[in-house]
Each structure stands twice: as C-alpha cells, then as structure tokens.
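Q: The structure that follows is given in the form of structure tokens.
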Amino acid sequence: MKRNIVVDAIIDSELLEPGAVIILGLSGGPDSLCLLHALNEISDAFNYEIVPVHVNHHLRPEADAEAEHVEYICDRMNLECRMYDSDCAALAEELGISTEEAGRNIRYQIFDEVADELMDEGRAQDKIVIALAHNADDQCETVLFRLLRGTGTHGLSGIPAIRLSASGIAIVRPILSVERKDIEQYIKDNKLRPNIDKSNKDNSYTRNRIRNELIPYLEKNYNPNIRAALRRYAFLSDMDDSLLRRMAFSDYADSLATDEESKTIYLNLPEIRDNHPAINSRVVTYILSLLNLESLTSYESISSLVELIYSENPSAGVDLPLGIRAYREYDRLIFSSSDEMIRADESMEILPQIIMAKDFSPDEETPYAAFDFDEFNKEYPGMIGELRLRTRREGDYLPIKGGNKKIQDFLVDTKVKKNARDSIQMVCMGSEVLWVLPSEYFSGASDREKGRFSSKYHIKDTTDRVLFIELIETI
C-alpha cells in the first residue's frame with residue numbers, strides 16, 4: 001500500500017524509540033494529519049503514546065472550525081488533543097516580528113509546557129519527544145529560500161531532522177524524507193479529511209512564491225530533478241557543517257572560559273590562531289549561540305569577529321546586537337555586556353515632507369516613516385514643523401492598537417537593555433511618539449530594520465497626502 005512509504009520513512013528515520021511519548025504538533029493540515037494517522041497505525045507495535053497538540057492562533061476566519069475538526073479527528077482515533085489558544089497577531093505587533101515567527105515561537109513554547117506537564121504526570125523526560133510534520137518539499141523550499149537570502153553552510157543544511165527545544169526536549173521530524181505527493185497519496189488512500197490552509201496559495205508571501213512559482217519554473221526550464229538536487233545539497237551541507245562544528249566545539253572547548261556572574265565569555269587565542277578560518281568561524285558562531293545572538297548576527301559581524309582572532313591589533317573590537325561587545329585584550333577575545341551607558345547617534349536628523357499619495361514611491365532600502373498627512377493635520381493643524389527627533393522623556397507614549405503604551409514599557413517589552421534605552425531615538429510631536437527609529441538593541445528583526453510606528457494616521461486607500469519622514473545625515 002502507498003501508506004507504507006510514510007510508515008517506512010518513520011521507522012527508517014530511527015527518530016522515535018519504542019515506548020516514546022510523542023507530543024505531536026497538529027494543525028490538521030495534510031502533513032500533520034498524515035503523520036498523526038501513520039503514528040497511530042503503528043503505535044501498538046511500538047508502544048507509542050501520542051499526545052496531539054493544536055494551537056489556534058485565530059489568524060483566519062476558519063481557525064475555530066479547523067480547531068473543532070482537529071478535535072473530531074482525534075476523537076475518532078481515541079486520542080485526547082490538548083487545545084490551546086493564542087493571540088498571535090498581538091504578540092507579533094508587540095515584538096515587531098512577523099505573525100509566522102510569532103506563531104512558531106508560541107508553538108515551541110507550548111510544546112515545552114506540555115512536556116513539563118507530562119513529566120509532572122509521571123512520564124520520563126528521556127521518553128518525551130516533540131514530533132513535527134515537515135516534509136521533503138519543505139526542505140527544498142527552505143534551502144532555496146535561504147540560498148536566495150544569502151546564508152552559510154549551516155543555513156544551507158536546511159531543516160534538521162532532530163534538534164533540542166529550549167528546555168532540552170528532542171524535536172524530531174520523522175517524515176522529512178517523504179515528498180508532498182506521497183503525503184497527498186497517503187491522505188487519499190486512507191480517506192482522510194485534512195484542514196486546507198488557503199493562504200498557502202497566496203503568492204504575496206515569499207515562501208509561497210518559491211513553492212508555487214519558482215520551483216515549478218526551475219523544474220520546467222532547468223532541472224526536472226531540482227527537488228532531489230536541493231535535498232542532496234542540504235544533506236551534503238549538513239555533513240560538512242556538522243564535521244566542522246564538531247571539530248570546533250570538541251577540540252577547542254578548552255579555549256573557552258565563562259564568568260557566569262558577569263555573563264562574560266573569554267576565548268584564548270594562541271591555541272586557535274593556527275586554525276583554518278572555517279573552524280574559527282564555527283568557534284565564533286558557537287559563542288554567539290551561547291549568548292543567544294546567532295540568529296541576530298550578520299555575516300559581516302561574524303567575519304569581523306574571525307578577523308579579530310588573527311588581528312595584530314591588541315585592542316580591536318566589534319559591537320554586537322543587544323549591547324554586547326567583543327574586543328581583543330592581547331591574547332584573549334572577550335565577549336561582554338557593557339553596563340556603560342550607550343549614547344544616541346547624533347549624526348542624523350529628520351526631514352518631514354508632504355507628498356501627494358499618487359506620487360509616493362519611497363526607497364524601501366532606507367528607513368522611513370509615512371502617515372496620512374490630513375489625519376495628522378486634524379490632530380496637529382499646521383504643526384508639522386514641531387516634529388522632533390529625540391530620545392525618551394517622562395510621559396512619552398506610543399499609540400498602539402486599542403490604546404497607548406508608555407515608551408518605558410515598550411522598551412522593556414522589546415528587550416532593550418537598560419544601558420541602551422537612552423540611545424533609542426524617536427520622532428515625536430510633544431509626548432506622542434510617531435516613529436521609534438530602528439536600533440540594533442531591539443530583540444525583534446522588524447524593529448531592528450524598520451523601527452516601530454504609531455498605529456494612528458495609517459495610510460489608507462483614501463489617503464490624499466502623505467506625511468513622509470526620512471532620515472538625513474547632519475552636515
């Protein structure tokens with residue numbers, strides 16, 4: 001039967017030991033439903049305990065109906081599904097990240113919470129795993145997505161078959177080798193009724209364009225086996241990267257020292273200066289992961305850190321996100337969070353302009369803010385010249401959906417370090433903040449790149465004139 005392709009893949013992956021307690025992320029879509037059904041089919045033979053978990057993010061009108069359908073599916077399989085609700089959109093707005101990223105963060109946090117609950121109920125930690133239903137086509141799309149954005153060998157290794165969650169629980173992907181067409185055939189053969197996410201057809205999302213347009217185009221015009229080639233590329237990249245990381249982490253662990261109290265990491269350089277840069281880039285990346293900076297640090301910063309290892313300058317340094325600085329101290333490279341107050345960049349000023357909406361075409365590569373001028377002018381008639389670029393003051397607030405937020409609370413929620421809060425600049429009209437400028441000290445990628453905008457004066461289809469605020473260098 002066709003279903004053996006899926007079942008055999010799960011067994012051959014060797015990711016699930018007999019007697020495993022499996023927390024299964026269940027959206028009810030074809031992939032997760034296929035994994036649930038296949039695991040349930042073999043659960044008696046392998047003594048699996050399956051714990052389905054569904055998180056309703058309330059992002060689409062059909063979300064509640066899909067949640068009910070998931071419960072119905074689990075009832076038919078005599079499984080109890082643990083149901084959770086989250087305000088994904090609110091978290092995304094609060095942290096300045098995409099709803100996709102916010103949803104993923106919420107799900108992983110919930111999976112760890114379920115693992116804690118299961119341990120409280122008596123399950124052994126080493127038996128608990130989190131199973132996700134990523135497939136071979138997801139792997140292809142991920143590799144191509146990262147290749148287009150620019151990434152190193154680690155990024156090109158794609159989705160890992162196994163990794164650890166924040167609390168140390170194994171996250172496994174048992175059907176990562178199964179193609180989407182085989183999953184669809186499994187669904188058809190077993191007469192399953194999955195939830196269908198219509199947003200997967202929306203090509204305004206980059207990933208969807210890769211899936212629905214780019215990969216089919218490459219198959220037709222360049223390589224009919226492009227999916228297999230991308231999976232092979234991921235496999236080979238993972239082999240190479242795993243070897244280099246193992247060499248870096250195991251052979252040079254003695255070069256690292258950590259001061260837990262000051263959260264400072266010391267890297268002794270004489271032992272590693274003879275290493276190839278490929279090894280030392282892994283050493284640096286490992287240290288960044290210890291500081292929770294790996295996903296926040298650019299390729300340029302990593303290259304600069306590697307250069308510090310070989311530099312003849314005994315006091316060179318590199319500023320990293322979240323107020324952390326790496327600097328040379330003779331034969332040591334020190335990663336430290338400085339408590340010294342960080343000053344605002346005074347080299348920029350703002351240039352407010354009024355532009356007709358039909359002529360509004362900003363440079364998307366340069367940070368800017370844009371609002372409905374006529375709505376702004378109703379509130380502050382003739383006061384555009386009173387807009388100021390400055391740092392925070394007592395009483396400042398940022399209009400958000402449903403009300404206002406104190407700037408102090410905003411800076412705390414976006415995880416800006418205390419010594420960096422007075423470096424954050426804002427475009428203000430009195431105490432009302434229109435635009436919090438981008439800064440490396442924000443935790444969210446969107447805030448770091450674009451900043452945060454007032455929820456008032458949004459540009460609409462009916463907007464006639466745009467209040468355009470750009471940054472210019474002070475002469």
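Q: Straight-line reach from Lys456: which aspartates and glutamates fall under 13 Å, measuring Cα to Cα and dropping same-chain residues less than 8 apart?
A: Once the sequence-local aspartates and glutamates are set aside, what remains near Lys456 is Asp372, Asp374, Glu375, Glu379, Glu432.
Q: For segment 3-225, what ratio Rg/Rh do Cα atoms give with a Kirkwood hydrodynamic radius? Write down the numbers at each step before the final one.
A: Details: Rg = 17.5 Å, Rh = 18.4 Å.
Rg/Rh for segment 3-225 comes to 0.95.
Q: Moving to a separate point now. Taking the number of other C-beta atoms within 10 Å as the exposure measure, put Leu214, Leu164, Leu16 in order starting with the fewest.
A: Going from sparsest to densest Cβ surroundings: Leu164, Leu214, Leu16.
Q: Could you give the nm distance between label points at Arg246 and Thr366, where each point is 7 Å from its Cα heading toward the beta carbon?
A: 5.1 nm
Q: A further question follows. Just grab the label-to-label distance for Arg232 and Thr151, each label 7 Å out from Cα along the Cβ direction, in nm (one decimal).
A: 2.0 nm
Q: Right, something else. Do any cysteines of the chain lack a neighbour Cys whose Cβ is under 4.7 Å away, and which are they?
A: For the chain, the answer is Cys34, Cys88, Cys140, Cys428, because their Cβ atoms have no other cysteine Cβ under 4.7 Å.
Q: Moving on. List the lysines whose alpha-carbon lies under 30 Å from that of Lys263, not counting same-chain residues fewer than 8 positions away?
A: Those lysines meeting the cut-off are Lys406, Lys415, Lys417, Lys418, Lys450.
Q: Can you give the FRET efficiency for Lys191 and Phe46, using 1/(1 + (r/R0)^6), R0 = 25 Å, r = Cβ-Cβ distance, to the nearest 0.05?
A: Details: r = 24 Å, r/R0 = 0.95.
In this case the efficiency is close to 0.55.
Q: Net charge near His69, counting Lys/Arg +1 and Asp/Glu -1 over other residues with Cβ under 14 Å of its Cβ?
A: Details: positive: Arg60, Arg76, Arg193; negative: Glu62, Asp64, Glu66, Glu68, Glu71, Asp75, Asp197.
Neighbour charge sum, excluding His69 itself: -4.
Q: Pull up the cross-link candidates among the lysines for Lys358, meaning alpha carbon to alpha carbon under 19 Å and not fewer than 8 places away within one chain.
A: Once the sequence-local lysines are set aside, what remains near Lys358 is Lys460.
Q: Taking the Cβ of Asp396 as the centre, find all other residues whose Cβ is under 13 Å away and add up their charges (Lys, Arg: +1; Asp, Glu: -1).
A: +4
Q: Also, I was wondering about something else. May I ask you to give the average projected area over all directions of the convex hull of the Cα atoms of the chain, in nm² rounded to one decimal?
A: 27.6 nm²
Q: Under 13 Å from the 7 Å Cα→Cβ point of Asp319, by amide nitrogen: which residues of segment 442-475?
A: Once the point is set 7 Å along Cα→Cβ of Asp319, 442 turn out to lie under 13 Å by backbone N, inside segment 442-475.
Q: Calculate for the chain the 222 nm mean residue ellipticity that helices alone would give, adding -39,500 (n - 2.57) per DSSP H run of length 4 or more and normalising by residue count, nearest 500 deg cm²/dmol.
A: Per the formula, -12000 deg cm²/dmol.
Q: Further, regarding this structure: Based only on other Cβ atoms within 10 Å, what is the fewest-to-most ordering of His134, His458?
A: Taking fewest neighbouring Cβ atoms as first place, the list is His458, His134.
Q: Take Tyr380 and Lys417, extend 7 Å from each Cα along the Cα→Cβ direction, and tell me the distance between the two endpoints in nm.
A: 3.2 nm
Q: Using the Cβ atoms and a cut-off under 15 Å, what net charge is assigned to the surroundings of Ser431, where Lys and Arg are +1 and Asp and Glu are -1?
A: +1
Bear in mind that the values in this text are calculations on the coordinates, not laboratory data. The structure displayed is predicted, hence computed values, not measured ones. Glycine gets a Cβ as well: all are built from the backbone with ideal geometry, and neighbour counts include every protein chain shown.
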